[in-house]
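Right, one structure below, let's go through it.
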Number of protein chains: 2
Amino acid sequence: MDEWKEFPRGKLAALLDENRRAYDEAKRRGLKLDLSRGKPSPDVLDLSNGLLERLDSYYAEDGTDVRNYGVAAGLPECKRLFSDLLGIPADSMIVGGNSSLSHMYQVFSVLYLFGPPGHAPWCKRGKVKILCPCPGYDRHFSVAEDFGAELVAVPMTEDGPDMAAVEKLVIDDESVKGIWCVPLYSNPQGVVYSDETVMRLATMKTAATDFRVFWDNAYGVHHVFEEHKIADIMKLASEAGNAERVCYFFSTSKLNFPGGGVGLFASGPENIAQMSAHISKQTIGYDKIIQLRTVRFFGNAEGIKAHMRKIGDILRPKFELVLAALERDFAGTGLVKWVKPKGGYFVSIDTLDGCAKRVVALAKDAGAVLTGAGATYPYKRDPRDSNIRIAPTYPSLEELRETMALLSLCVRIASAEKLLETARG
Amino acid sequence: MDEWKEFPRGKLAALLDENRRAYDEAKRRGLKLDLSRGKPSPDVLDLSNGLLERLDSYYAEDGTDVRNYGVAAGLPECKRLFSDLLGIPADSMIVGGNSSLSHMYQVFSVLYLFGPPGHAPWCKRGKVKILCPCPGYDRHFSVAEDFGAELVAVPMTEDGPDMAAVEKLVIDDESVKGIWCVPLYSNPQGVVYSDETVMRLATMKTAATDFRVFWDNAYGVHHVFEEHKIADIMKLASEAGNAERVCYFFSTSKLNFPGGGVGLFASGPENIAQMSAHISKQTIGYDKIIQLRTVRFFGNAEGIKAHMRKIGDILRPKFELVLAALERDFAGTGLVKWVKPKGGYFVSIDTLDGCAKRVVALAKDAGAVLTGAGATYPYKRDPRDSNIRIAPTYPSLEELRETMALLSLCVRIASAEKLLETARG
């Protein structure tokens with residue numbers, strides 16, 4: 001195909017007409033499609049229905065009756081399971097509630113209200129800046145924003161955040177206090193942080209002595225194509241004397257049931273001691289029944305990996321369908337840029353500048369909900385208005401095919417409209 | 001029996017000897033008893049094992065698949081269940097996590113970090129004072145203490161907090177920001193707040209326009225003897241223009257499984273809107289599976305009441321045993337004061353001044369753990385060192401009998417020691 005930006009006005013107008021007609025026809029079919037959020041599909045959830053079976057014995061391995069109060073930091077066998085899976089020492093972690101996001105918020109609460117160990121509470125500071133690799137995860141940015149932090153965009157590269165940019169920001173400015181990271185299969189691009197990126201994050205000099213890397217390993221075992229690994233940031237940071245820098249999060253939300261499983265926070269010994277002290281004031285214990293169910297269901301780390309391979313088998317055709325549709329409709333047109341995600345939950349595309357909002361609005365009018373344009377940037381403002389996150393995990397293949405066809409029409413319409421603004425005679 | 005304080009030195013010394021011998025004998029039996037915390041016993045937990053059965057259908061009544069993301073404020077049918085049970089409008093509540101204590105902490109976090117609607121964050125204020133009716137619940141006091149509030153003790157009466165003292169404290173001092181309340185079957189005395197107390201809490205004039213009543217209705221349906229009711233504080237406060245004053249908490253922890261159920265926060269519309277906004281930043285949703293299980297297990301409010309009658313049948317003999325032991329061993333001695341609790345989870349006793357710590361230490365040395373002396377007062381400091389909370393719910397009747405016998409020995413020893421300090425020749 002040819003690059004659309006080379007097309008003369010007449011050809012663009014004809015393409016606009018043609019695609020609008022197809023779009024109107026699609027609209028009349030009254031679609032109801034949702035590619036907005038990273039939700040597992042019912043057939044993926046079905047793989048975990050064993051969690052809903054009768055719990056025959058409610059005693060943990062140390063004899064604890066999980067139906068009663070106690071065990072604030074998590075059942076030992078549940079900590080061991082995640083320790084084996086993720087390579088984090090069990091005594092560096094707290095296995096907690098049903099949502100890793102709520103643990104992230106809890107960590108921010110402690111940083112703001114009580115301060116990092118040995119430091120003033122962030123709420124007493126004039127300004128706190130948090131680095132946000134973009135495109136990134138809207139809910140991460142919203143947590144920092146809720147506490148009043150200033151969100152500073154940092155570009156993503158195919159190796160993770162642009163580390164030269166990061167290092168420049170942290171080296172002199174003491175108000176730069178942290179960075180959000182999804183190191184394996186980043187949301188939304190599916191980028192894998194390189195070993196060098198991880199090493200630099202773990203060891204870089206920062207003006208703030210209480211700098212934090214918010215390390216959300218949300219897709220830590222969510223392989224779709226080949227398996228990738230990331231370097232052990234907790235070990236690297238610890239060896240560099242930065243043990244307290246890393247705040248590591250994980251959850252089973254995308255292993256079995258979102259919001260119906262177990263979340264995890266891991267960090268250096270001072271952070272864990274501080275967090276444990278505050279947790280002891282706010283709860284007598286997290287839900288140990290679901291912790292025990294999780295252990296019984298998976299058995300061990302290998303059980304989780306086998307389970308994730310089944311999920312990967314369901315997700316792979318969806319990703320392949322999206323990528324094939326993009327290739328078929330946009331290769332050579334110059335209208336859409338994308339990179340094949342290495343794994344995870346999303347496909348990220350970039351339209352021509354100034355087209356993303358229009359594309360999402362057109363899709364919505366025709367019954368297909370996409371993640372809001374701009375969501376992947378701080379304050380939901382994409383400076384180029386070009387990034388769109390596609391979440392292919394929830395719909396069926398047939399729904400996905402329909403949505404991608406509609407998305408193509410929307411992109412062509414928005415692109416033609418945009419190009420007509422400046423096209424030559 | 002005679003009042004021990006009238007006894008001459010010789011008689012006290014003889015009693016001390018006699019009880020020490022019995023105590024030493026008890027100690028040699030190597031008891032292992034725990035009356036320290038308000039935990040349900042295994043046979044009470046067994047009543048709820050239906051919650052552990054296979055969950056056959058995972059769709060909520062509106063079709064929501066509870067295995068997936070969403071529904072931040074709680075399943076509608078779960079809100080309706082608690083609305084029917086407690087008489088709180090469903091739109092005034094958030095049904096959330098597994099612990100009402102964590103909801104209390106969350107409310108304090110919002111008050112401190114973001115401020116009550118229309119008011120400055122409490123963390124920006126010089127001083128915040130929280131009223132603590134005593135004896136009271138140690139974990140309540142610890143929440144306020146964790147945020148740096150000054151804890152101000154207020155005496156309990158048989159109608160609830162001494163309202164004359166409360167009104168005097170709140171009327172002029174703008175830094176007095178709240179009061180902890182367990183209105184029905186208070187922890188530890190089992191007091192029922194009178195209608196007048198509730199009315200005064202709901203309507204009293206406070207210097208602080210952001211005064212809060214932290215209303216932990218933890219034992220709202222936990223009748224042991226006859227059933228008691230409390231006045232509707234949310235309605236009374238709302239009618240007096242104080243809708244935002246009441247922060248109402250409840251959980252199923254002592255209905256079925258502690259930490260394995262559902263917690264609830266209810267309040268005025270501004271507080272609920274504010275809390276909902278912050279919750280939307282910290283979680284995509286609470287665990288809806290346990291919410292659905294809760295609804296399926298109880299059926300309706302009448303189902304909860306029937307279930308609580310079964311629990312009451314198990315608890316009643318335990319309370320009767322404790323009260324009979326106190327009557328048998330201490331009536332007329334002047335060594336112990338107690339009032340029969342009207343319900344709930346505890347029996348509160350007062351020893352002679354300066355004896356509570358000694359009693360708890362003696363009991364511990366002989367293998368019986370009681371709640372730490374002083375725990376029922378702010379900063380764990382009982383100014384008279386006399387209050388001890390007995391938690392009779394967990395042990396079996398036989399264990400309880402043994403513990404009460406040991407407790408009697410400990411009280412007699414500590415009392416004789418104390419009286420000998422000042423006894424006449």
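The values are calculated or read from the model by the stated rules, or taken from the named source; none is laboratory data. Nothing here was measured: the structure is a model prediction, and the numbers come from that model. Using ideal geometry, Cβ is built from the backbone for each residue, glycine included, and neighbour counts are taken over all protein chains shown.
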Notebook entry, point to check: Taking the stretch B:327-339 on its own, how many of its residues are free of Cβ contacts under 8 Å to residues at least 60 places away in the same chain and buried (at least 17 other Cβ atoms within 10 Å of the Cβ)?
Noted result: 1
Check: Out of the stretch B:75-120, which residues are of a type in the set (S, T, N, Q), within 14 Å of chain A (Cβ to nearest Cβ) and without any contact (Cβ under 8 Å) to a residue 60 or more places away in the chain?
Finding: B:109
Check: When you look at residue B:255, is it over 24 Å from residue A:105 (Cα atoms) and surrounded by fewer than 22 Cβ atoms within 10 Å (Cβ to Cβ), yes or no?
Finding: no
Note to self: Looking only at residues that are in a helix (DSSP H, G or I) and surrounded by fewer than 19 Cβ atoms within 10 Å (Cβ to Cβ) in the stretch B:45-62, which one is farthest from the chain's Cα centre (by Cα)?
What the structure shows: B:50
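Within the stretch A:15-36, is there a residue that is at negative phi, of a type in the set (S, T, N, Q) and over 24 Å from the mean Cα position of the chain (by Cα)?
As a first pass, look at the stretch A:15-36 and keep what is at negative phi: A:15-29, A:31-36.
Going one step further and asking which of them are of a type in the set (S, T, N, Q), we end up with A:19, A:36.
Now narrow it down to the ones that are over 24 Å from the mean Cα position of the chain (by Cα): A:19.
Yes; the residues of the stretch A:15-36 include at least one that is at negative phi, of a type in the set (S, T, N, Q) and over 24 Å from the mean Cα position of the chain (by Cα).
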Check: residue A:373 is checked against (1) touching a residue at least 24 places away in the same chain (Cβ under 8 Å); (2) of a type outside the set (Lys, Arg); (3) crowded, with 22+ Cβ neighbours inside 10 Å and fails just one. What number does that condition carry?
Finding: (1)
Next item on the list: May I ask you to say which residue of B:182, B:143 is β-branched (Val, Ile, Thr), buried (at least 19 other Cβ atoms within 10 Å of the Cβ) and closer than 14 Å to residue B:379 by Cα?
Entry: B:143
Next item on the list: Determine whether residue B:398 is in the same structural domain as residue B:9 (by TED's automatic domain parsing) and free of Cβ contacts under 8 Å to residues at least 12 places away in the same chain.
Entry: yes
Notebook entry, point to check: Looking at A:239, A:244, A:226, which one is over 20 Å from residue A:156 (Cα atoms), crowded, with 22+ Cβ neighbours inside 10 Å and not hydrophobic (A, V, I, L, M, F, W, C)?
Noted result: A:244
Notebook entry, point to check: Limited to the stretch A:121-144, what total is found for residues that are facing chain B (nearest Cβ under 8 Å) and at pLDDT 95 or above?
Noted result: 4
Next item on the list: Residue by residue through the stretch B:369-413, note down the ones that are out of contact with any Gly (no Cβ under 8 Å at 6 or more places or on another chain), small (Gly, Ala, Ser) and within 23 Å of residue B:340 (Cβ to Cβ).
Entry: B:373, B:375, B:396, B:405, B:408
Next item on the list: Considering only residues that are without any contact (Cβ under 8 Å) to a residue 60 or more places away in the chain and assigned to a helix (DSSP H, G or I), look in the stretch B:236-249 and name the one that is nearest to the chain's Cα centre (by Cα).
Entry: B:245
Notebook entry, point to check: When the stretch B:198-235 is examined, which residues are found to be under 22 Å from residue B:164 (Cα atoms), assigned to a loop (DSSP other than H, G, I, E, B) and not small (Gly, Ala, Ser)?
Noted result: B:204, B:205, B:206, B:209, B:210, B:211, B:230, B:232
Check: Under the condition of being of a type in the set (Val, Ile, Thr) and not in a helix (DSSP H, G or I), which residue from the stretch B:250-305 is farthest from the other protein chains (Cβ to nearest Cβ)?
Finding: B:252
Note to self: Here is a check on your reading of the model: is residue B:363 touching a residue at least 12 places away in the same chain (Cβ under 8 Å), outside the structural domain of residue B:156 (by TED's automatic domain parsing) and outside any helix (DSSP H, G or I)?
What the structure shows: no
